[in-house]
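Here is the structure we will look at, set down as structure tokens.
The values are calculated or read from the model by the stated rules, or taken from the named source; none is laboratory data. Just so we're clear, the structure is a prediction, and the values are computed from it rather than from any experiment. Cβ placement follows ideal geometry from the backbone for every residue including glycine, while neighbour counts extend to all protein chains displayed.
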Amino acid sequence: MEDCELCGRQAETVYVALVEDVELRVCPKCAKGKKIISSEGHSMSRKGATAVKTEKGEEPELIEDYGHVIKEARERLKMPLKVLAEMINEKETFLNRVEAQRTTPPEALVRKLEKTLSIKLIEQEKAGESGRTGAKGEKATLGDFIGTK
């Protein structure tokens, strides 16, 4: 067990997260919505990608320039930040921090922004990770694609 440097709670799982541009060892509750650098000593940073914790425990990644994409889509719709905040029931100051990429939005906010602004913020699966299956429901092999058996 280790103490969270933000709230002081003891936690079994501790994350190293960026909080106001400072790396802190925090509990899972305090890590929510923050840019996570590592978890239990395992590096998680991947070239500009930011992990977003989901309810199922999976970690899809935000696109590298999510703040710019959000701001561009909002401006394309000629929508002030205040109006967007009211539409999706979020604080304007929090959305401002998300657009400036000073904080990582939680999954629920990512989904609201994607739906409201008609954008994609979660990275698509990488090539080779799509889980394509062969004829019998097992993983596809090279032979499935080139026609040999």
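Annotations
A quick yes/no check of all residues on (1) at pLDDT below 90; (2) in the same structural domain as Val19 (by TED's automatic domain parsing); (3) surrounded by 14 or more Cβ atoms within 10 Å (Cβ to Cβ):
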residue	(1), (2), (3)
Thr50	yes, no, yes
Lys56	yes, no, no
Leu81	no, no, yes
Glu86	no, no, no
Asn96	no, no, yes
Leu113	no, no, yes
Glu125	yes, no, no
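- Whenever a residue of the range 7-35 is on the phi > 0 side of the Ramachandran plot, its partners that are β-branched (Val, Ile, Thr) and surrounded by 11 or more Cβ atoms within 10 Å (Cβ to Cβ), lying with C-beta atoms within less than 7 angstrom and at least six residues away or across chains, give the pairs Gly33/Thr103; Gly33/Thr104.
- Scope the range 58-79; condition touching a Leu at 6+ places or on another chain (Cβ under 6 Å) and modelled with pLDDT under 90; matching residues: Leu62
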